[in-house]
Amino acid sequence: MTHWTSDQLNTIEQTGELHIQPQRADGRLRTPTTIWVVREGDDLYVRSYNGPDGAWFRTAKASGTGHIRCGGIDQDVTLTPIHDGALNDRIDGAYRTKYAAASAYVPPMVADRARATTLKLTPR
């Protein structure tokens, strides 16, 4: 599978958080980390609140693969870095809209440091 189904997208979009487990160099998965996830069109994106220094992000960047769990969905994923400014602007908007109630945490998620860690989740 290389695309999310409508049901998967809707479920993940309506869920506040997901658990991500990037794959280590030895093939094992990291301990799950709870993070925010947003939808833009038919794609899903995550960012590291701690920017490039986040441990889960460093592993994800190195391997490009991992596993997520969210709202009953249990899925292996490819993790692709996103550096498109216009797309990141739309992702910022998705974070602001979805997580408005957690307003104190939103500014760091749309700041340059976190934007630099934007990853697209693609099912594999």
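The values are calculated or read from the model by the stated rules, or taken from the named source; none is laboratory data. Note that the coordinates shown come from a computational prediction; the quantities given were computed from them, not determined experimentally. Note that each Cβ is placed from the backbone with ideal geometry, even for glycine, and that neighbours are counted across all protein chains shown.
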Please work out which one of (1) of a type in the set (Lys, Arg); (2) in contact (Cβ under 8 Å) with a residue 24 or more places away in the chain; (3) out of contact with any Ser or Thr (no Cβ under 7 Å at 6 or more places or on another chain) is the condition ARG58 fails and give its number. (2)
Quick test of your reading of the structure: HIS19 fulfils all but one of (1) closer than 13 Å to LYS120 by Cα; (2) surrounded by fewer than 17 Cβ atoms within 10 Å (Cβ to Cβ); (3) not small (Gly, Ala, Ser). Name the failing condition by number. (1)
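Name the residue, out of SER6, SER48, SER63, that is out of contact with any strand residue (DSSP E or B) (no Cβ under 8 Å at 6 or more places or on another chain) and of a type in the set (Gly, Ala, Ser).
Values: SER48 fails: out of contact with any strand residue (DSSP E or B) (no Cβ under 8 Å at 6 or more places or on another chain); SER63 fails: out of contact with any strand residue (DSSP E or B) (no Cβ under 8 Å at 6 or more places or on another chain).
Selected residue: SER6, the only one of SER6, SER48, SER63 that is out of contact with any strand residue (DSSP E or B) (no Cβ under 8 Å at 6 or more places or on another chain) and of a type in the set (Gly, Ala, Ser).
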Counting only residues in the range 84-110 that are in contact (Cβ under 8 Å) with a residue 12 or more places away in the chain and assigned to a loop (DSSP other than H, G, I, E, B), the one surrounded by the fewest Cβ atoms within 10 Å (Cβ to Cβ) is identified as TYR105
Within the range 78-86, does at least one residue satisfy the condition of being among the hydrophobic types (A, V, I, L, M, F, W, C), over 19 Å from LEU18 (Cβ atoms) and at pLDDT 95 or above? yes
Say whether the condition of being among the hydroxyl-bearing types (Ser, Thr, Tyr), in contact with a Phe, Trp or Tyr (Cβ under 8 Å, 6 or more places away or on another chain) and touching a residue at least 24 places away in the same chain (Cβ under 8 Å) is met by at least one residue in the range 67-81. no
Within the range 50-66, track down each residue that is surrounded by fewer than 16 Cβ atoms within 10 Å (Cβ to Cβ) and part of a loop (DSSP other than H, G, I, E, B). ASN50, GLY64
